[in-house]
Amino acid sequence: MIMLDYLNILFGGVILIIGVLIGVAFLTLLERKILGYIQIRKGPNKLGFMGLLQSFSDAIKLFSKEQMYLNYSNYFCFYFSPILGFGLSLLLWLMIPYYFNLISFNLGLLFFFCCTSLGVYIIMAAGWSSNSNYSLLGGLRCAAQTISYEVSLSLIMMSCILMVMDFNLMKYSYYQSLVWFLFLMFPLGMCWLSSSLAETNRTPFDFAEGESELVSGFNVEYSSGGFALIFLAEYASIMFMSLLFSVMYLGGYNLSMIFYLKVVFIMFFFIWVRGTLPRYRYDKLMYLSWKIYLPISLNFLLMFLGVMIFII
């Protein structure tokens with residue numbers, strides 16, 4: 001019986017990975033379509049019905065191209081960094097509070113911070129092991145940015161944890177049955193949304209891959225499968241952050257169509273911002289994190305602590 005349970009968990013995990021990969025494929029297609037309409041042009045519309053097969057053909061093209069290995073690169077770090085980064089972004093999906101698959105994380109939010117903290121090392125290793133000045137600069141910028149915004153993310157999340165008094169994501173749906181946390185802590189919700197943009201290296205905070213001045217940043221020397229895995233990891237993280245925002249602020253996790261529509265709307269917001277806003281200046285990015293988000297999140301945390309002490 002125990003073996004059957006383990007097989008059930010394994011089978012569920014495989015289905016989860018396949019689902020995430022298909023979701024990433026359609027997210028990239030959605031992004032290209034929306035950016036196309038924002039720029040008053042059509043997106044991909046030739047391959048399949050209305051371009052539905054475009055993402056799959058791009059994936060086949062990327063993985064079938066020749067992999068380049070640099071003479072002066074640190075081979076093992078260069079080769080395994082994208083694989084480890086992709087594995088970490090998939091590992092995050094295990095903490096979603098499923099009603100099935102026999103996986104239950106009582107400390108899911110701590111697991112989230114462990115995985116996101118490890119992501120910084122992988123990007124730094126990818127940038128350093130390429131042995132290129134451009135990629136090293138991109139990796140260092142990304143490390144500084146991610147570490148800065150992890151501080152504000154953790155403090156914002158602590159306010160939510162105080163409201164629920166639990167690390168388990170399943171509890172968020174119980175406590176938001178009457179009112180969403182977004183209405184109770186609207187400024188914190190907006191801070192979380194923009195911090196998640198910075199955490200996933202998206203426009204207007206895409207300094208690690210700023211094409212206009214950094215020639216694509218830490219992944220400049222990657223081609224073929226290595227680039228594809230970095231790309232997949234980034235978009236899987238975008239999907240996960242959208243889902244986490246929906247769980248924490250928009251009513252919690254449930255298996256209804258409205259929940260998935262909320263997740264899709266947050267993903268649409270990520271793309272909408274990319275098509276609308278110009279890139280920040282780097283010093284403004286750090287100013288935003290340390291001088292604005294940090295005081296806001298600390299003040300809210302102290303306020304919620306005072307309310308909890310007053311109630312108790």
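None of the figures in this text is laboratory data; all of them are computed from the coordinates on show. In this text the structure is predicted, and so the values were computed from the model without any measurement. Positions of Cβ are backbone-derived with ideal geometry, glycine not excepted, and every protein chain shown enters the neighbour counts.
With θ taken as phi - 60° and the coefficients 6.51, -1.76 and 1.60, list the Karplus ³J(HN,Hα) couplings across the stretch 150-161 in order, rounded to whole Hz; mark glycine and proline as x.
5, 4, 5, 4, 5, 5, 5, 5, 5, 5, 5, 5
Can you give the angle from 0 to 90° between the axis of helix 2-38 and the longest principal axis of the chain, with both taken from C-alpha atoms, to the nearest 10?
The angle comes out at about 70 degrees.
What number in nm² do you get for the chain if you take the convex hull of its Cα atoms and divide its surface by four? Display every interim value, and only then the final one.
Values: hull surface 74.0 nm².
Projected area, direction-averaged: 18.5 nm².
Show that you can apply the helix-only estimate: for the chain, add -39,500 (n - 2.57) for every DSSP H stretch of four or more residues, divide by all residues, and state [θ] at 222 nm to the nearest 500.
Numbers: 13 runs with 216 residues, N = 312.
Value at 222 nm, helices only, nearest 500: -23000 deg cm²/dmol.
Can you sort Leu261, Leu137 by how many other beta carbons sit within 10 Å, fewest first? Kindly include the intermediate steps, with their values, before the conclusion.
Values: Leu261 10, Leu137 19.
In increasing order of surrounding Cβ atoms, one gets Leu261, Leu137.
Starting from the 7 Å offset along Cα-to-Cβ, what nm value, one decimal, do you get for the label separation of Met257 and Lys291?
4.8 nm
Name the most mobile residue of Thr146, Thr28, Thr203, meaning the one with the largest mean-square fluctuation, in a Gaussian network model of the chain with Cα contacts below 10 Å.
Residue with maximal mean-square fluctuation among Thr146, Thr28, Thr203: Thr28.
Taking the Cβ of each residue in Val264, Val24 as the centre, tally the other Cβ atoms inside 10 Å and list the residues starting with the fewest.
Numbers: Val264 16, Val24 22.
Result, fewest neighbours first: Val264, Val24.
How far is helix 75-91 tilted, in degrees, relative to the longest principal axis of the Cα atoms in the chain, given as a value from 0 to 90 rounded to the nearest 10?
40 degrees
Roughly how many nanometres apart are two label points built 7 Å out from the Cα toward the Cβ at Ser224 and Met303?
Distance between the two pseudo-spin positions: 5.5 nm.
Counting pairs of alpha carbon atoms under 8 Å apart in space and at least six apart in sequence, what relative contact order in percent does the stretch 50-190 give? If you can, show how the numbers build up before the last one.
Numbers: 102 pairs, mean separation 34.4, N = 141.
Reported relative contact order: 24 percent.
Please tell me the relative contact order of the chain in percent, rounded to the nearest whole number, where contacts are Cα pairs under 8 Å and at least six residues apart. Provide the component values of the computation, followed by the final result.
Details: 387 pairs, mean separation 73.6, N = 312.
Across the chain, relative contact order equals 24 percent.
Note the angle between two axes, namely the Cα long axis of helix 186-199 and the longest principal axis of the Cα atoms of the chain, as a number of degrees from 0 to 90, rounded to the nearest 10.
20 degrees
Residue by residue, what Karplus-based ³J(HN,Hα) values in Hz, rounded to whole numbers, does the stretch 123-136 have, using 6.51, -1.76 and 1.60 with θ = phi - 60° and x for Gly and Pro?
Per residue, the Karplus-derived 3J(HN,Hα) values read 5, 5, 5, 5, x, 6, 6, 5, 6, 10, 5, 4, 5, 5 Hz.
Can you list the lysines whose alpha carbon sits under 25 Å from that of Lys42, skipping same-chain ones fewer than 8 residues off?
Correct list for Lys42: Lys33, Lys61.
Kindly put Met257, Met68 in sequence by how many other C-beta atoms sit within 10 Å of each C-beta, fewest to most. Each step should come with its number before you reach the end.
Details: Met257 7, Met68 12.
Lowest count first: Met257, Met68.
Leu35: net charge of surrounding residues, Cβ under 10 Å, Lys/Arg +1, Asp/Glu -1, itself excluded?
With Lys, Arg at +1 and Asp, Glu at -1, the net is +3.
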